[in-house]
Amino acid sequence: MDPLLAVFSLVLLVISNHSPATAERLSSFSAADSPWLPAQHRILVSQNQTFAAGFHSPPSTSGRFIFAVWVQKSMDRTIVWSLGGDIVNSSALAISSLGVLSLNDSSGRNLWPTAGGASNSSQLVVHDDGSLVFGNWSSFASPTDTILANQTAPLNGNGTTLRSGNYQLVGAKSLVFNGTDNYWNATDIILNLTSDGQLVMENGNVLIAADKGNTVLRRLTLDPDGNFRIYSLDASSGRWQVVWQAVLELCTIHGTCGTNEICMPDGFNATKCVCPPGYQNSTRSNSCERKIKLSSPSKFLRLDFVSFDKGSNTADLTPLNLDDCRSTCANDASCIGFSYKFDGQQSCINHFNRFANGYWSPGSEMSTFLRVASSETDQSNFTMMTSLIDTVCPVQISLPFPPKESKTTLRNVAIISTLFALELLAGVLSFWAFLRRYSKYRDIAHTLGLEYMPGGGPKRFSYAELKAATNDFSNVVGHGGYGVVYKGELPDRRVIAVKRLKNIGGGEAEFWAEVTIIARMHHLNLVRLWGFCAEKEQRMLVYEYIPNGSLDKYLFSPSTGVDEGSGEDKIDDPTRELVPPRPLLDWNIRYRIALGVARAIAYLHEDCLEWVLHCDIKPENILLEEDFCPKVSDFGLSKLTNKKDKVTMSRIRGTRGYLAPEWVIQREPITAKADVYSFGVVLLEIVSGVRSSEFQRSSLESEDWYMPKWAFEKVYVEQRIEDILDRHIMDSYDNRAHFELVDRMLKTAMWCLQDRADMRPSMGKVTKMLEGTVEITEPGKPTIFTC
């Protein structure tokens with residue numbers, strides 16, 4: 001063949017397969033249009049031009065076709081339905097004079113499903129909802145891997161509803177691998193996906209997409225990786241965005257990795273498969289095999305946070321303890337390892353022959369003990385989280401050496417016995433005095449609020465002690481909305497910050513709230529309260545002194561010293577000194593600060609016996625140690641309540657610019673998600689170095705320059721994160737070293753700034769998002785809100 005002619009033929013073939021713009025467009029296909037061959041460049045288009053149908057040649061096949069329906073307005077022409085079979089160039093779609101629709105495969109067999117109710121006047125049509133219809137037959141009745149909005153999920157007993165490779169949606173409820181291996185269940189049978197973004201169940205429950213309410217094209221797809229996702233189409237770019245997915249941890253999807261492999265997260269929405277210690281990649285299949293054949297004697301390697309599937313190759317036991325679980329496996333020659341769950345339920349699983357569906361997850365309480373030969377030299381690379389990552393603020397603890405053993409045992413026994421007798425006598429006398437003065441003590445306790453103090457709480461200082469410690473209150477280090485802060489030194493050389501409250505008459509509740517709340521808190525990233533003074537009209541709080549002051553001094557210029565509309569001086573913490581501008585914080589320190597603050601708030605929300613809302617999260621209330629370890633302070637506005645209760649407050653608490661929408665919309669209850677919103681604002685300010693309220697005022701109140709909305713556009717639409725970064729340290733920004741940290745902070749902030757409280761994550765999940773242990777999907781765009 002002439003080379004020029006061959007090139008010309010190749011160009012025509014490429015154009016015929018990949019240039020929909022030049023295709024012959026049909027609004028319907030009838031007997032008069034028959035036959036329709038794959039080589040004829042025709043497409044059947046819906047009236048609204050959104051969907052199209054026709055022959056499609058997958059890139060991985062040559063000379064083979066599928067007949068499919070796709071989204072014409074999407075960038076990649078996403079297929080939402082297809083007809084299986086071996087369709088070749090000689091195959092033809094035709095409608096006979098009797099109204100029979102046929103499409104023959106390479107053997108001549110008709111691939112088209114039975115089209116009941118058809119007549120010689122029936123036409124093949126693509127409707128505006130994406131359904132392909134011929135007579136009484138519709139593609140909606142036999143979906144492949146996708147359900148479109150308002151398409152009813154067909155039920156065939158308990159049969160397969162959707163299929164993608166080895167994955168199926170069975171009974172419109174369960175995700176199954178290889179026909180029998182179930183790894184996800186909905187709360188009930190899925191009925192349909194609504195046009196406003198709700199996945200409706202038969203029992204009335206709904207699963208809500210992140211962009212619920214927006215009028216966009218949506219699809220519910222069982223993807224090739226086994227996950228079940230809702231996608232929304234961005235009409236401007238033609239790209240799909242994930243707005244909901246069934247499985248958040250991809251590694252828990254069965255079949256992701258092979259036999260004996262362990263699945264691990266690998267960046268955003270991706271996984272990787274690794275071999276456990278003592279194993280290596282198999283040359284024969286997608287799996288891992290032993291390096292050294294298992295023999296006696298053997299040993300166990302501990303793999304923390306690693307779980308394997310409980311299947312036919314496992315035995316579920318209930319041992320007395322971990323040693324008992326280990327013994328049952330060690331005494332069975334066919335046992336290759338065991339898993340033990342540290343949840344107090346004595347859960348023990350023995351594994352035989354092979355490990356299946358292994359994955360690593362920090363949210364798991366399971367540890368797997370791998371049985372290997374005693375000669376194996378591999379060490380476990382799956383250790384506890386405390387050894388995998390550096391803590392935000394490492395603490396060094398040293399214990400004194402025990403005293404040398406005394407030879408005068410008899411003397412020591414006599415001394416101890418005497419002391420014990422004296423203490424017992426003192427205890428009896430004290431108890432007797434207590435009984436006599438109980439009523440008087442109760443009145444005093446009520447007056448001073450001591451009944452709210454926990455046992456072993458902060459020390460109660462006298463006014464004279466604090467006056468001497470602060471040199472007659474002469475060293476002023478800050479002013480706050482509740483009073484003045486002084487620097488002092490106790491007789492034991494501890495440096496303190498004394499917060500002297502003013503006008504306490506109307507704020508007695510706030511004073512005792514701060515004392516009782518901080519007294520119960522024990523966390524590395526919370527400011528420590530050493531004592532208080534409640535003498536006559538004097539009310540003072542004694543804190544540990546934090547030398548570097550508050551975070552706002554390192555983020556914003558000195559000119560932004562007052563928050564407009566707050567009615568308070570910007571200095572509102574117990575340890576802030578009036579000093580010149582400090583050095584700028586680099587990106588690693590900013591990330592450590594954000595993570596430390598998130599852990600502190602998560603502790604208040606989730607780890608305390610009572611639920612604590614801080615109600616005033618802002619840079620002014622985040623203090624920095626000498627090593628820039630963050631400490632959350634100022635609990636004067638906090639609310640202490642039972643975790644099961646909703647919070648109602650008679651007045652708005654917090655600072656303008658950091659208030660969540662529900663503070664203004666009074667009909668909505670105040671929950672822990674209000675603190676999540678405030679933390680999102682702080683997180684955005686840590687990255688940008690600009691105060692959110694100042695940013696808005698400098699932009700002439702333009703909607704396009706509302707800071708959260710502007711940041712969302714930069715992160716998810718323009719993908720120009722560098723435009724958001726603090727310009728003062730742009731020179732130190734290294735895309736390879738800092739991109740992952742900054743990207744996690746910005747995307748986490750976007751989730752925290754959702755205007756609906758139920759769309760925001762908990763602070764525990766926010767911490768995991770910052771740590772990178774959970775995937776961060778794309779949130780909805782923050783709407784305009786100012787307060």
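Read-outs throughout are calculated quantities, based only on the coordinates presented, and are distinct from any laboratory measurement. Predicted model only: the values in this text are computed from it and were never measured. Using ideal geometry, Cβ is built from the backbone for each residue, glycine included, and neighbour counts are taken over all protein chains shown.
Using amide H atoms built in the peptide plane, which far-off residues or other-chain residues are under 5 Å from T160 H to H?
Amide H neighbours of T160, under 5 Å, 5+ apart: G171.
Out of the DSSP beta bridges found with both residues in the range 20-141, what percent are antiparallel (nearest 5)?
Of all bridge pairs located within the range 20-141, approximately 90 percent are antiparallel.
Just subtract the alpha-carbon distance of R756 and T61 from 0.36 nm times their residue separation and send over the number in nm, one decimal.
Gain on stretching R756 to T61: 245.5 nm.
From the phi angles alone, apply the Karplus equation (6.51, -1.76, 1.60; θ = phi - 60°) to the range 33-48 and give each ³J(HN,Hα) in whole Hz, x where the residue is Gly or Pro.
Karplus-based 3J(HN,Hα) across the range 33-48 equals 8, 6, x, 10, 9, x, 6, 6, 8, 10, 9, 9, 10, 6, 5, 8 Hz.
Under a point spin-label approximation (7 Å from Cα along Cα-to-Cβ), what is the E423-M730 distance to one decimal in nm?
Inter-label distance under the simple model: 6.6 nm.
Hey, if you drop one equal point scatterer on each alpha-carbon of the range 146-248 and run the Debye formula without solvent, what base-10 log of I(q)/I(0) do you get at q = 0.18 Å⁻¹?
-0.81
Using the Karplus curve 6.51 cos²θ - 1.76 cosθ + 1.60 with θ = phi - 60°, what ³J(HN,Hα) values do you get for each residue of the range 724-741, in whole Hz, with x for Gly and Pro?
For the range 724-741, the Karplus curve yields 8, 5, 4, 5, 6, 10, 4, 5, 8, 6, 10, 4, 6, 8, 10, 4, 4, 5 Hz.
When the Karplus curve 6.51 cos²θ - 1.76 cosθ + 1.60 is applied with θ = phi - 60°, which whole-Hz ³J(HN,Hα) does each residue of the range 459-472 get, with x for Gly and Pro?
6, 8, 8, 8, 4, 5, 4, 6, 5, 5, 5, 9, 6, 6
Can you compute the FRET efficiency between S312 and F434 using 1/(1 + (r/R0)^6), with r the Cβ-Cβ distance and R0 = 56 Å? Round to the nearest 0.05.
0.25
Taking only C-alpha pairs under 8 Å that are 6+ residues apart, what is the relative contact order of the range 186-342 in percent? Can you show the working numbers first?
Values: 196 pairs, mean separation 14.7, N = 157.
Over the range 186-342, the number comes to 9 percent.
Given a Förster radius of 56 Å and the C-beta distance between T180 and D492 as r, what FRET efficiency does 1/(1 + (r/R0)^6) yield to the nearest 0.05? Could the numbers behind the result be given before it?
Numbers: r = 69 Å, r/R0 = 1.23.
Step by step, r from the Cβ atoms, then E = 0.25.
What is the spin-label model distance, in nm, from D378 to K272 if the labels are put 7 Å beyond Cα along the C-beta direction?
That separation, rounded to one decimal, is 1.6 nm.
Once amide H atoms are built 1.01 Å from N in the peptide plane, which residues 5 or more positions from G478, or in another chain, come under 5 Å H to H?
Residues meeting the amide H criterion: V485.
Exceeding 25 Å between C-alpha atoms, which entries from my cross-link table qualify? They are K272/K299; K173/K709; K673/K747; K212/K618; K459/K673; K673/K781.
K272/K299; K173/K709; K212/K618; K459/K673
Suppose the chain between K536 and K299 were pulled fully straight at 0.36 nm per residue; how much longer would it get relative to their current alpha carbon spacing? Don't jump to the answer; show the numbers that get you there.
Numbers: separation 237, 0.36 × 237 = 85.32 nm, distance 6.87 nm.
Full-extension gain reported as 78.5 nm.
For M75 and R284, what does the FRET efficiency come to when R0 = 45 Å and r is the distance between their Cβ atoms, rounded to the nearest 0.05? Can you show the working numbers first?
Values: r = 40 Å, r/R0 = 0.89.
According to the calculation, E is roughly 0.65.
Sequence-distant or interchain residues sharing an amide H contact under 5 Å with T271, placed H: which?
For T271, the qualifying residues are D266.
Starting from the 7 Å offset along Cα-to-Cβ, what nm value, one decimal, do you get for the label separation of A235 and D743?
If labels sit at A235 and D743, their model points lie 3.0 nm apart.
Only counting other Cβ atoms within 10 Å, I'd like E662, E289 sorted with the fewest neighbours first.
Arranged by neighbour count, lowest to highest, E662, E289 become E289, E662.
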